[in-house]
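Here the structure comes first, spelled out in structure tokens, and everything after it is commentary.
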């Protein structure tokens, strides 16, 4: 599932940076079980994308209708364009978007490198 991509073009191999998509998901009350079933279906979509690296979804312990979705992509464009503008994203939306209230504010993060 989580592969490490290596850049071997300029010198010794080194791991390429990936981005982390963070989506806090608030599910409509009482629909957590249905959301989890639908997410099980939707996983096949995201894992089939060429630019996908890995993902995890976790349920909040304090608030049963809240989840966090973490997805690693090779680049920001791979997520924003490659996935969101793909035909597969339409199926992802159909399966999941009706569960969200409100719609999640998605953020993207990059690794912090040690400069020393």
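The table for this structure:
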{"item": "Exposure proxy ranking, count of Cβ atoms within 10 Å, fewest first, for 79, 98", "result": "98, 79"}
{"item": "Share of pairwise Cα separations in the stretch 17-109, more than 18 Å, in percent", "result": "42 percent"}
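Rule-based calculations on the coordinates, nothing more; no lab input. From a predicted model like this one, the values you see are computed outputs, not experimental measurements. Note that we place each Cβ from the backbone using ideal geometry, even for glycine, and neighbour counts take in every protein chain shown.
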